[in-house]
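> Attaching a single structure in structure tokens format; questions to follow.
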Amino acid sequence: MLNDIKNDAAQRMQKCIQAFLGDMKKLRTGRAHPSLIEHLKVDFYGTDTPLNQVANIAVEDGRTLVVTPWDKTTVGAVEKAIHKSDLHLTPNTAGTVIRIPLPPLTEERRRDILKVVRADAEGARVSVRNVRRDAIAEVKEAVKEKILTQDDERRGGEEIQKLTDKAIADIEEHLAAKEKEILQV
């Protein structure tokens, strides 16, 4: 019973970390990367479809993304989706190929991105702590129902806290790496 609770908590904490990493991929750091725009929704025959499902996204050089829609009739819709995004990018269309130059980040924009990254990290830490709270509540409930002993409760609490500390350390490690990447000129 205790192992099941711990395993469930560990899986849920890992999902919190994965969600944080997914959020960080969407942030612009100055280098061109397909994950920057692949989540954008394109109106594809009346259905909002992720960009990576209607076009090929490639990196031409360190500061340029190239989007090649598979269906030539969707070039306008892809261009419109890029314009509407909050990434402040201006696509250049040449026939069926869309080039997206990424301008260098200003110091002010870098600071804004850092604030967003830190807020995302805090959200991830809060999610991990919520998982810990739920897991400890499950252990206490099992003790009330006499499924686990009080010794199991104490040991389980310590082990769940270790899982929490490890998950938060992982978040901090990823945060530090992303901050370094953002501040790199």
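The values are calculated or read from the model by the stated rules, or taken from the named source; none is laboratory data. Predicted, not measured: the structure shown is a model, and the values here were computed from it. Heads up, the Cβs are rebuilt from the backbone with ideal geometry, glycines too, and the neighbour counts pull from every protein chain shown.
> Could you go through segment 74-91 and let me know if any residue there is β-branched (V, I, T) and in contact with an Asp or Glu (Cβ under 6 Å, 6 or more places away or on another chain).
no
> Of all residues in segment 49-104 being small (G, A, S) and farther than 14 Å from H33 by Cα, which is modelled with the lowest pLDDT?
S85
> Tell me whether segment 1-8 contains one or more residues that are assigned to a loop (DSSP other than H, G, I, E, B) and touching a Leu at 6+ places or on another chain (Cβ under 9 Å).
Yes - at least one qualifying residue is present in segment 1-8.
Rundown of residues vs (1) under 24 Å from the mean Cα position of the chain (by Cα); (2) of a type outside the set (A, V, I, L, M), yes/no style:
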| residue | (1), (2) |
| --- | --- |
| A58 | yes, no |
| G62 | yes, yes |
| T68 | no, yes |
| G76 | no, yes |
| L87 | yes, no |
| I98 | no, no |
| E122 | yes, yes |
| K144 | no, yes |
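> Within segment 23-79, which residues are farther than 29 Å from I171 by Cβ and of a type in the set (D, E)?
D43, D48, E60, D61, D71, E79
> Which residues, taken from segment 127-185, are of a type in the set (S, T, N, Q) and buried (at least 17 other Cβ atoms within 10 Å of the Cβ)?
Selection gives S127, T164.
Matching residues to (1) under 18 Å from L27 (Cα atoms); (2) touching a residue at least 24 places away in the same chain (Cβ under 8 Å); (3) loosely packed, with under 12 Cβ neighbours inside 10 Å:
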position: E60; (1), (2), (3): no, yes, no
position: E79; (1), (2), (3): no, no, no
position: L102; (1), (2), (3): yes, yes, no
position: L105; (1), (2), (3): yes, yes, no
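> D4 is checked against (1) surrounded by 13 or more Cβ atoms within 10 Å (Cβ to Cβ); (2) under 30 Å from D134 (Cβ atoms) and fails just one. What number does that condition carry?
Among (1) surrounded by 13 or more Cβ atoms within 10 Å (Cβ to Cβ); (2) under 30 Å from D134 (Cβ atoms), the lone unmet condition for D4 is (1).
> Now, a different point. Is it the case, given these coordinates, that I113 is touching a residue at least 24 places away in the same chain (Cβ under 8 Å), farther than 21 Å from M13 by Cα and of a type in the set (A, V, I, L, M)?
Judged against the criteria, I113 is a match.
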